[in-house]
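Before any comments, here is the structure.
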Amino acid sequence: MSAGWSRALTAAYAFMALAAGARAGVQIATEFDAAPLAFTLSATSSAIYLLAAFALRREGPRWWRLGTAACSVELVGVLAIGTWSLLDPDRFPATTVWSGFGSGYGCLPLALPALGLLYQWRRRRDPHVARPGAPLPHEEVRRARDPAATERRGSVSC
Amino acid sequence: MTGRAATTAALYAGFLALWALGDALRRREPSRYLLLGGAVLEAALLAGAAIGAGELGAPGQDAPVHGGYLLASIVLFPLGLLLGRDRDGRLAPAPLAVALLALAIVVLRAKATA
């Protein structure tokens with residue numbers, strides 16, 4: 001029985017996308033002029049969370065690269081905006097998801113990309129996730145049972 | 001949901017999150033009592049959200065933000081159940097633990113913005 005830790009990570013990303021997206025949506029709709037930079041950044045972070053939630057749940061090298069890119073952008077974003085918001089608080093009259101390294105959300109925005117990248121690092125060894133052209137499990141079993149047949153099948157060109 | 005009811009609901013959600021986390025660490029499927037507890041919590045949150053929606057727009061209240069938290073409080077547990085299912089339809093406890101933990105935080109935030 002799997003505890004579902006990877007799905008827990010995806011769920012955390014989905015919840016963050018929901019929280020950040022709903023908040024940014026309300027703020028953009030009601031008071032965008034008050035802090036356009038902060039609200040735009042919140043909306044952007046929500047889109048990145050959503051992308052990461054989808055990519056981390058999918059298999060295949062393209063999704064793996066997309067998920068890794070989303071987590072990396074998110075980590076850079078939270079570190080950059082977190083530092084910027086501390087050094088120049090006047091630029092952020094309203095807080096963003098990434099302000100103060102995500103302190104408004106229990107620093108989850110800082111922890112999530114680190115966990116996401118760790119998950120992707122572990123997944124890179126899974127050939128069906130990270131490596132293009134890798135054999136599927138049933139092909140590996142067939143190859144182990146009868147390597148000659150696999151060779152013969154591989155040499156046929158259509 | 002406001003006042004003591006919100007604090008109780010948040011503590012209850014936290015307790016259920018710890019229960020789900022215990023199941024996740026022992027690699028067990030969530031017990032039916034945990035799901036029953038979650039259903040009771042969801043029913044209470046639905047009732048609280050209905051009452052809270054009726055009181056939206058009270059003086060000194062940030063209505064859109066509070067409404068957002070009320071909406072999130074009723075959506076999170078079903079979303080956790082949805083995301084926790086694998087391809088065989090079996091429910092994993094770890095996503096449920098995350099959902100319940102997020103729920104506890106959302107209920108407390110809803111209380112703060114009421």
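The values are calculated or read from the model by the stated rules, or taken from the named source; none is laboratory data. Since the model is a prediction, treat every value here as computed from it, not as a measurement. Cβ coordinates were reconstructed from backbone atoms using ideal geometry, including for glycine residues, and neighbour counts include every protein chain displayed. Quick note on the areas: whole protein, heavy atoms, side chains included, nothing else; ligands and nucleic acids left out. Shrake-Rupley method; radii C 1.70, N 1.55, O 1.52, S 1.80 Å.
Here are some notes:
- A count restricted to segment A:49-62 and to residues that are free of Cβ contacts under 8 Å to residues at least 12 places away in the same chain and part of a helix (DSSP H, G or I) stands at 2.
- B:Arg90 meets each of the listed conditions (1) within 11 Å of another protein chain (Cβ to nearest Cβ); (2) crowded, with 23+ Cβ neighbours inside 10 Å apart from (2).
- Criterion: within 14 Å of another protein chain (Cβ to nearest Cβ), at pLDDT 90 or above, more than 29 Å from A:Ala29 (Cα to Cα) and part of a helix (DSSP H, G or I) - qualifying residue of B:Ala44, B:Ala20: B:Ala20
- Residues of segment B:66-76 that are at the interface with chain A (Cβ under 9 Å from one of its Cβ atoms) and either touching a residue at least 60 places away in the same chain (Cβ under 8 Å) or open to solvent by 50 Å² or more (accessible area, probe 1.4 Å) (or both): B:Leu71, B:Val75.
- Restricted to segment A:1-54, and to residues there that are open to solvent by 40 Å² or more (accessible area, probe 1.4 Å) and within 17 Å of A:Arg91 (Cβ to Cβ), the residue that is nearest to the chain's Cα centre (by Cα) is A:Thr44.
Here is a yes/no grid of residues against (1) in a helix (DSSP H, G or I); (2) at pLDDT 90 or above; (3) open to solvent by 70 Å² or more (accessible area, probe 1.4 Å):
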{"site": "B:Thr7", "(1), (2), (3)": "yes, yes, no"}
{"site": "B:Leu11", "(1), (2), (3)": "yes, yes, yes"}
{"site": "B:Leu82", "(1), (2), (3)": "yes, no, yes"}
{"site": "B:Leu108", "(1), (2), (3)": "yes, no, yes"}
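- Among the residues of this structure, B:Leu96 counts as one that is of a type in the set (A, V, I, L, M), part of a helix (DSSP H, G or I) and within 11 Å of the chain's Cα centre (by Cα).
- For B:Glu29, the criteria (1) farther than 19 Å from A:Tyr13 by Cβ; (2) more than 8 Å from chain A (Cβ to nearest Cβ); (3) touching a residue at least 40 places away in the same chain (Cβ under 8 Å) hold in every case but one, which is (2).
- Candidates are the residues of segment B:52-65 that are farther than 16 Å from B:Thr7 by Cα and either hydrophobic (A, V, I, L, M, F, W, C) or touching a residue at least 60 places away in the same chain (Cβ under 8 Å) (or both); the one that is nearest to the other protein chains (Cβ to nearest Cβ) is B:Val65.
- Looking across segment B:56-94, the residues that are farther than 14 Å from B:Arg109 by Cα and touching a Ser or Thr at 6+ places or on another chain (Cβ under 8 Å) come down to B:Leu83, B:Asp86, B:Ala92.
- Some residue of segment A:63-85 being surrounded by 14 or more Cβ atoms within 10 Å (Cβ to Cβ), of a type in the set (Ser, Thr, Tyr) and touching a Ser or Thr at 6+ places or on another chain (Cβ under 8 Å): yes
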